Amino acid sequence: MDGKETFWEALKRHGVSRREFMKFSAIITGLMGLPPAFIPKVVEAMETKPRVPVIWVHGLECTCCSESFIRSATPLASDVLLTMISLEYDDTLSAAAGEALEKHKEDIMKKYHGEYILAVEGNPPLGDDGMYCVVGGKPFLEGLKKAAEGAKAVIAWGSCASWGCVQAAKPNPTTAVPIHKVITDKPIVKIPGCPPIPEVMTGTIMYTVLFGKLPPLDSQGRPKMFYGNRIHDTCYRRPFFNEGMFVEQFDDEGAKKGWCLYKMGCRGPTTYNSCGNLRWYNGLSYPIQSGHGCIGCSADGFWDNGNFYSREQNIPSIGTESNANKVGAVAVGAAAAGAIAHGVISKIRSGKKED
Amino acid sequence: MSSRVVIDPVSRIEGHLRLEIEVDESSHKVTNAVSAGTMWRGIELIVKNRDPREVWAFTQRICGVCTTIHALASVRNIEDALDIEIPKNANYIRNIMLGTLYAHDHLVHFYHLHALDWVSPLEAIKADPVATAALQNQILQTYGGIISLYTDFLGGNAYPRKFPKATPGYFKTFQDKIKNLVQSGQLGIFAANWWDHPDYKMLPPEVHLIAVSHYLNMLDVQRELVIPHVVFGGKNPHPHYIVGGMNCSISMNDMNAPINMERLAVVEDAVYTQAEAANLFYLIDLLAIGQIYVQKGWTYGGGLSKERVLGYGDYPDEPYKSIKNGDYHQKILYHSNGVVENFAQGVDKAKYYPLTNKDLTDPDVIQEWVTHSWYQYPNNNEGLHPWNGITDPYYTGPKEGTKTHWKYLNENGKYSWIKSPRWKNLPAEVGPLARYMIVYTAVKQGHIKPSWMDEMVVNQIELVSKLLNLPPHVWMPTTVGRTAARALECQLGANASNYFLKKLYDNIKAGDTSVANMEKWEPSTWPSQAKGVGISEAPRGALGHWCIIKDGKIENYQAVVPTTWNGSPRDEKGQQGAFERSMQDTIVLIAKEPLEILRSIHSFDPCLACSTHVYNTQKEEVVSFKIGGACYE
């Protein structure tokens, strides 16, 4: 069939009934943030689109994105890998190694020139001619550029590929750069997060593959469907913020009652991600639910935006309607009237001196 | 005739690893072996001058596979420096998270990063599903006794929901999936491997079908094992921690509490899933496959483990006051804190040395060398204790090829981004196999009073020895033995989760809900200078973090990680690390398809992102000057 098989054909081969297929289509339509009216379009796309080859490369990283990806529940990672895409190259999961694996990558790049998706986990270092990250005896940077040439689109997995992340934190000893600094002529969709939420990863793949194009992106290159809200906007502790009920110290009474973690250094008010609404593990939890403030791991340069436990001095705006692009650009330094007002309420409630 | 074969990249690992071997094609012996970590990130330079309370988040990103373990070593390190004792609940929760990590990390390693060295999807297609089901039942009968070594401390005896469906229908479903994938012409992750290698013919097709079915089945199940991290730490990979305890406050009176009865029920469910996956899938498959390989004489790959292994010990039963002053080692349940030499000569002849707090702080016991690493010290022929560690990158290029396009690396010069840690100037292997050898020797020679964990280790080893009809010193120091120890430790970890969840229940029942000690949270309460040691037994082996805190900031930070021990290049005396030694102890049937080498290297579960190193004040200017002009935002 040479890769021209459609999803529906692939699913049918796997013993999926028409009824199950329709149910699955409805679920993923919702997952991609589309209204039910889009279900027929999703079904049509799945009936007509072939499995798309994916080349997944690794630069400077810790592999947390791959680990996160295989935790996806809806859809299950096994379904994505075996039924929806054809993951032809991946340092972490490919059976083959060495020359055989590198040659296979070359073959795929030729055979599917202009058709494959390049997924990038990690980023290239520019220091010492790129020799802080070497794959197959050559700088990762070189292989990355080459793989990008024939790609239809590029996915930047995680904060490493999107922004630089931990190795690019000051003083950035390897001169690590986000991939858009070195791939400038291809559409790039950024899926920031350290790691990204698994369903955000598989959901983006689903959309890209089904509709043959990248999902609608914001001005920073992130899919609007997953990065349209601040964590603060959909946080289950938000009512406590609004009421000025704050955790003042880890494990105090407020912590046991699940009050707002804003004073413990929570970055929810300035971080765009789906942790508040999707949560992790199919809605099981997210860092704020476990009692730790958000460290802002999907935000650009989050390692250097001040100490994780220092209170965010400025909250861009209280309204959930505020534009993500505008706020993202001025994340730190905007007016904080709302926060100050809440701080005052808190002061009255706790009877403690505000810092 | 001898030829040099390069394997780069080594796939199904974390990070970037290159191997070069020379094989004598007539004797099939490996005459020279070189392993190189081919990336460097410099995280220890990055944490300099940061707030010690947030460093766990940086160092956690050393690895996203054995995620959480660097965070644990880091908070222990800072707490050790600042003399902070954590509450009981925090200790139990951290141990449940560690047990969870063992269960999850080892299982994923076996099925998804290692199994395809032993079994093939192409062979699985040839199996008869009816015969496969019969074989699965027979295997469960033969090896099922291993399940009895697991103690259900909780007493819940949850009904096994994921028991291997030893039916023809179950296996036919998976076989059809594999068949269809192969027929589609897009093999995806299974593409381009050396499936024609004769080793894949050693097992009957039915064993291949069992293993490959479980590869796919466990890909879906593995995510459920790690749920305790998501409940206690908010997500996985990279769950959250705090210095002084845990962030997940407990209340039995409030549904908004991070931990309440419903949340504990979620954890308990996952803990039983860990037990099932370890007991009924992983161990059974491992024993079935391993026994056939051992019977066929495949007892290669022991290498350095025959001579010297090292561990630090873990699972403090109760909170401890300090690591560097000795209380930690009084409290631990897993007594792998030691060095064992010459295990291959028999457990009675092995030499055992305890390794405790004094060894961790003695400047002459644990040191790192850079003679063959792409770093430089003021004196390149001296080792440095982590508290005095320096990282000054110094890339020199290969032996053949150009600076940016290698042909062969130069094992006589510098050739790796990994340093060479040594114990008293000697190399040692770390990891599950090392821990099992140390505990077994310590118990058998009567050096320690065994805890339930130590006893479990001994019972596991003896049961497997009986099944294989071979003494431990024959089957353990091998590639199969290394793989088996990891599977046994998956069961141990799952059992630790169960044990510490019981302790957590009992303590909450007794009225204690505290999870964090915040007395020393404010930097104003800290001394102007402090030094710490944070140790743990990571899934891959002994992990140590060392720090110096000055005026509330990190002055120096050093992590000596398991893969640095195992993957280290030669040292100034030419002594090789465990990867290189294991390769030289492996027979390679076909030089151009060195499947056996991959099998030996994968048995270590290499984690190369860990090859990051340290910083010293004197070098600050040099480093920042070098990169200053080219810093990208």
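Of the strands (runs of 3 or more DSSP E) that lie entirely inside the range A:82-191, those containing 1 or more residues that are free of Cβ contacts under 8 Å to residues at least 60 places away in the same chain span A:85-90, A:153-157, A:188-191.
Evaluated against (1) more than 10 Å from every other protein chain (Cβ to nearest Cβ); (2) part of a helix (DSSP H, G or I); (3) surrounded by fewer than 24 Cβ atoms within 10 Å (Cβ to Cβ); (4) of a type outside the set (S, T, N, Q), B:GLU54 falls short on exactly one condition, (1).
Could you check, for the range A:140-152, whether at least one of its residues is closer than 23 Å to B:LEU116 by Cβ and over 24 Å from the mean Cα position of the chain (by Cα)? Among the residues of the range A:140-152, not one is closer than 23 Å to B:LEU116 by Cβ and over 24 Å from the mean Cα position of the chain (by Cα), which makes the answer no. Put simply, of A:PRO196, A:PRO173 the only residue that is in contact with a Phe, Trp or Tyr (Cβ under 7 Å, 6 or more places away or on another chain) and open to solvent by less than 10 Å² (accessible area, probe 1.4 Å) is A:PRO196. Within the range A:220-227, does at least one residue satisfy the condition of being in a helix (DSSP H, G or I), in contact (Cβ under 8 Å) with a residue 12 or more places away in the chain, under 25 Å from B:ALA516 (Cα atoms) and of a type outside the set (Asp, Glu)? No: zero hits. Among the candidates B:ILE125, B:ILE93, B:ILE69, the residue that is more than 30 Å from A:ASP91 (Cβ to Cβ) and at pLDDT 95 or above is uniquely B:ILE93.
In the range B:7-26, the condition of being more than 8 Å from chain A (Cβ to nearest Cβ), in a loop (DSSP other than H, G, I, E, B), aliphatic (A, V, I, L, M) and in contact (Cβ under 8 Å) with a residue 24 or more places away in the chain is met by no residue. Residues of the range B:397-451 that are surrounded by fewer than 15 Cβ atoms within 10 Å (Cβ to Cβ), small (Gly, Ala, Ser) and within 30 Å of B:LEU463 (Cα to Cα): B:GLY446 alone.
Here the condition is being within 14 Å of chain A (Cβ to nearest Cβ), of a type in the set (Ser, Thr, Tyr) and in contact with a His (Cβ under 9 Å, 6 or more places away or on another chain); of B:THR391, B:THR396, B:THR402, it holds for B:THR391 alone. The residue that is modelled with the lowest pLDDT, among those in the range B:587-624 that are at the interface with chain A (Cβ under 10 Å from one of its Cβ atoms) and open to solvent by 40 Å² or more (accessible area, probe 1.4 Å), is B:SER624. Out of B:TYR377, B:TYR395, one residue alone is on the phi < 0 side of the Ramachandran plot, assigned to a loop (DSSP other than H, G, I, E, B) and either aliphatic (A, V, I, L, M) or in contact with an Asp or Glu (Cβ under 7 Å, 6 or more places away or on another chain) (or both). It is B:TYR395.
Taking every residue in the range A:1-23 that is exposed (fewer than 11 other Cβ atoms within 10 Å of the Cβ) and among the charged types (D, E, K, R) and pairing it with any residue that is modelled with pLDDT of 70 or more and not in a helix (DSSP H, G or I), at least 6 positions away or on another chain, the pairs with Cβ-Cβ distances below 9 Å are A:ASP2/B:SER184; A:ASP2/B:GLY185; A:ASP2/B:GLN186. Among residues that are under 14 Å from A:GLY143 (Cα atoms), at the interface with another protein chain (Cβ under 7 Å from one of its Cβ atoms) and open to solvent by 10 Å² or more (accessible area, probe 1.4 Å), A:LEU93 is not included.
Of the residues making up the range B:148-178, those that are open to solvent by 60 Å² or more (accessible area, probe 1.4 Å) and either within 14 Å of chain A (Cβ to nearest Cβ) or not in a loop (DSSP other than H, G, I, E, B) (or both) are B:SER148, B:LYS172, B:THR173. Within the range B:294-303, one or more residues are open to solvent by less than 10 Å² (accessible area, probe 1.4 Å), in contact with a helix residue (DSSP H, G or I) (Cβ under 7 Å, 6 or more places away or on another chain) and not in a loop (DSSP other than H, G, I, E, B).
Once the range B:27-43 is narrowed to residues that are more than 9 Å from every other protein chain (Cβ to nearest Cβ) and of a type outside the set (Gly, Ala, Ser), the residue that is farthest from B:PRO523 (Cα to Cα) is B:HIS28. Inside the range B:27-48, residues that are at positive phi and open to solvent by 10 Å² or more (accessible area, probe 1.4 Å) make up a count of 1. Please state which one of B:VAL65, B:VAL108, B:VAL75 is in a helix (DSSP H, G or I) and facing another protein chain (nearest Cβ under 9 Å). Result of the check over B:VAL65, B:VAL108, B:VAL75: B:VAL108. The criterion of at least 1 residues that are out of contact with any helix residue (DSSP H, G or I) (no Cβ under 8 Å at 6 or more places or on another chain) is met by the following strands (runs of 3 or more DSSP E) wholly inside the range B:507-615: B:529-538, B:541-550. Listed residues A:LYS186, A:LYS181; which is more than 10 Å from chain B (Cβ to nearest Cβ) and open to solvent by 10 Å² or more (accessible area, probe 1.4 Å)? Exactly one residue qualifies, and that residue is A:LYS186.
For the structure I just gave you, tell me whether B:MET476 is within 20 Å of B:TYR92 (Cβ to Cβ) and either of a type in the set (A, V, I, L, M) or open to solvent by 40 Å² or more (accessible area, probe 1.4 Å) (or both).
Working: within 20 Å of B:TYR92 (Cβ to Cβ): no; either of a type in the set (A, V, I, L, M) or open to solvent by 40 Å² or more (accessible area, probe 1.4 Å) (or both): yes.
Against the criterion (within 20 Å of B:TYR92 (Cβ to Cβ) and either of a type in the set (A, V, I, L, M) or open to solvent by 40 Å² or more (accessible area, probe 1.4 Å) (or both)), B:MET476 does not qualify.
For (1) within 14 Å of chain B (Cβ to nearest Cβ); (2) crowded, with 24+ Cβ neighbours inside 10 Å, each residue gets a yes or a no:
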site: A:HIS113; (1), (2): no, no
site: A:ALA119; (1), (2): yes, yes
site: A:GLY130; (1), (2): yes, no
site: A:VAL134; (1), (2): yes, yes
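Evaluated against (1) over 19 Å from the mean Cα position of the chain (by Cα); (2) of a type outside the set (Gly, Ala, Ser); (3) part of a helix (DSSP H, G or I), B:LEU470 falls short on exactly one condition, (3). Conditions first: (1) open to solvent by 10 Å² or more (accessible area, probe 1.4 Å); (2) hydroxyl-bearing (Ser, Thr, Tyr); (3) in contact (Cβ under 8 Å) with a residue 12 or more places away in the chain; (4) part of a loop (DSSP other than H, G, I, E, B). B:SER3 passes all but one, so which condition is the exception? The failed condition is (4).
Quick check on B:ALA115: is it open to solvent by less than 20 Å² (accessible area, probe 1.4 Å), part of a helix (DSSP H, G or I) and among the small types (Gly, Ala, Ser)? Answer is yes for this residue.
Residue check: is B:ALA103 open to solvent by less than 10 Å² (accessible area, probe 1.4 Å), in a helix (DSSP H, G or I), out of contact with any strand residue (DSSP E or B) (no Cβ under 6 Å at 6 or more places or on another chain) and facing chain A (nearest Cβ under 9 Å)?
Answer is no for this residue.
No other residue among B:VAL347, B:VAL370 is of a type in the set (A, V, I, L, M), more than 22 Å from the chain's Cα centre (by Cα), more than 30 Å from B:VAL119 (Cα to Cα) and surrounded by 23 or more Cβ atoms within 10 Å (Cβ to Cβ) apart from B:VAL370.
The values are calculated or read from the model by the stated rules, or taken from the named source; none is laboratory data. Please read all numbers here as calculations on a predicted model, not as lab measurements. Backbone-built Cβ (ideal geometry, glycine too); neighbour counts: all protein chains shown. Surface areas here come from the heavy atoms of the whole protein model, side chains and all, with no ligands, DNA or RNA. Shrake-Rupley method; radii C 1.70, N 1.55, O 1.52, S 1.80 Å.
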